[in-house]
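A.B. asks: Take a look at the following structure, please.
The values are calculated or read from the model by the stated rules, or taken from the named source; none is laboratory data. Computed from a prediction, not measured in an experiment: that's the story for all the values here. Note that we place each Cβ from the backbone using ideal geometry, even for glycine, and neighbour counts take in every protein chain shown.
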Amino acid sequence: MPSPHIQITPSILNADFASLGAEVARIGSADWVHVDVMDNHFVPNLTFGPAMVEALARSTSTPLDAHLMIEDADVHAPAYVEAGCGSVTFHVEATKAPVRLAREIRAAGARASMALKPATPIEPYEALLPELDMVLLMTVEPGFGGQKFLDLCLPKIRRARELMDKHGVETWLQVDGGVSLETIERCAEAGADVFVAGSAVYNADDPDAMVTALRTAAEAVQEQRG
């Protein structure tokens, strides 16, 4: 299969919450805006809900990529499609019926994505790949931004790409956690093609230039992989 298109999805978890519209405007070349939704139950932090996401969707033309780190994703995920997200990611650890939920998200008009925490293996979910538009592999424990990338996740990224190639699916492979200029090349070499970067982007002097630099670094590795 041809190499998937490299995409950069900056996380607004490290942005200034008081002026999110302006913060998103600082990353004009981003492919998506990654919105971390946390409920203080599935993860020990609390962030946004559908109303805030809907307001953000109205203030930007860049599509929103919602990452739901919440319990009862089966119940709550459709509200984020209604709020205007172009992609909605649920955690398999918090979902009772992942196939049904993925189909529901797709039927509502968004891309359906499934996330796995670092300790959750990909192999049991091989049969689900055709039902998914994207798989998100967490490369830190979800809940907080600015964490250090876990190299132990690299074999799982490689394995996920092997399974996608085996089944001939066009499922995107996203990584989230500690992605920076120091780590993105390793992730791209392992087979990831969509990269969430939070602190690396928003702590940079020029966030949009960092988006471009990250994309360039990943594309260079992808070209070497062929």
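A.B. asks: Tell me the residue from 158, 111 that is under 15 Å from the mean Cα position of the chain (by Cα) and over 15 Å from residue 93 (Cα atoms), please.
C.D. replies: 111
A.B. asks: OK, next. Output the number of the condition that residue 99 fails; it satisfies all remaining conditions of (1) under 17 Å from the mean Cα position of the chain (by Cα); (2) modelled with pLDDT of 95 or more; (3) of a type in the set (Val, Ile, Thr).
C.D. replies: With respect to (1) under 17 Å from the mean Cα position of the chain (by Cα); (2) modelled with pLDDT of 95 or more; (3) of a type in the set (Val, Ile, Thr), residue 99 is out only on (1).
A.B. asks: Sticking with this structure for a sec: Can you find even one residue in the stretch 156-166 that is in contact with a Cys (Cβ under 7 Å, 6 or more places away or on another chain), surrounded by fewer than 24 Cβ atoms within 10 Å (Cβ to Cβ), in contact (Cβ under 8 Å) with a residue 24 or more places away in the chain and more than 25 Å from residue 107 (Cα to Cα)?
C.D. replies: yes
A.B. asks: Where the second residue is polar (S, T, N, Q) and surrounded by fewer than 24 Cβ atoms within 10 Å (Cβ to Cβ) and the first is at positive phi and lies in the stretch 168-194, which pairs have Cβ atoms under 8 Å and are six or more apart or on separate chains?
C.D. replies: Qualifying pairs under 8 Å: 177/147; 178/147.
Here is a yes/no grid of residues against (1) in contact (Cβ under 8 Å) with a residue 40 or more places away in the chain; (2) in a loop (DSSP other than H, G, I, E, B); (3) touching a Pro at 6+ places or on another chain (Cβ under 9 Å):
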{"position": "10", "(1), (2), (3)": "yes, no, yes"}
{"position": "13", "(1), (2), (3)": "yes, no, no"}
{"position": "19", "(1), (2), (3)": "no, no, no"}
{"position": "24", "(1), (2), (3)": "no, no, yes"}
{"position": "28", "(1), (2), (3)": "yes, yes, no"}
{"position": "36", "(1), (2), (3)": "yes, no, yes"}
{"position": "43", "(1), (2), (3)": "yes, yes, yes"}
{"position": "48", "(1), (2), (3)": "no, yes, no"}
{"position": "51", "(1), (2), (3)": "no, no, no"}
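A.B. asks: Of all residues in the stretch 33-47, how many are of a type outside the set (S, T, N, Q) and surrounded by fewer than 22 Cβ atoms within 10 Å (Cβ to Cβ)?
C.D. replies: Residues that pass the stated criteria total 7.
A.B. asks: From the list 140, 135, pick out the single residue that is buried (at least 22 other Cβ atoms within 10 Å of the Cβ) and either under 17 Å from the mean Cα position of the chain (by Cα) or among the charged types (D, E, K, R) (or both).
C.D. replies: 135
Residues checked against (1) part of a strand (DSSP E or B); (2) small (Gly, Ala, Ser); (3) over 22 Å from residue 53 (Cβ atoms):
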| site | (1), (2), (3) |
| --- | --- |
| 88 | yes, no, no |
| 118 | no, no, yes |
| 144 | no, no, no |
| 154 | no, no, yes |
| 158 | no, no, yes |
| 165 | no, no, yes |
| 169 | no, no, yes |
| 173 | yes, no, yes |
| 180 | no, yes, yes |
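A.B. asks: Condition test on residue 136, is it closer than 20 Å to residue 89 by Cα, modelled with pLDDT of 95 or more and in contact with a Gly (Cβ under 7 Å, 6 or more places away or on another chain)?
C.D. replies: no
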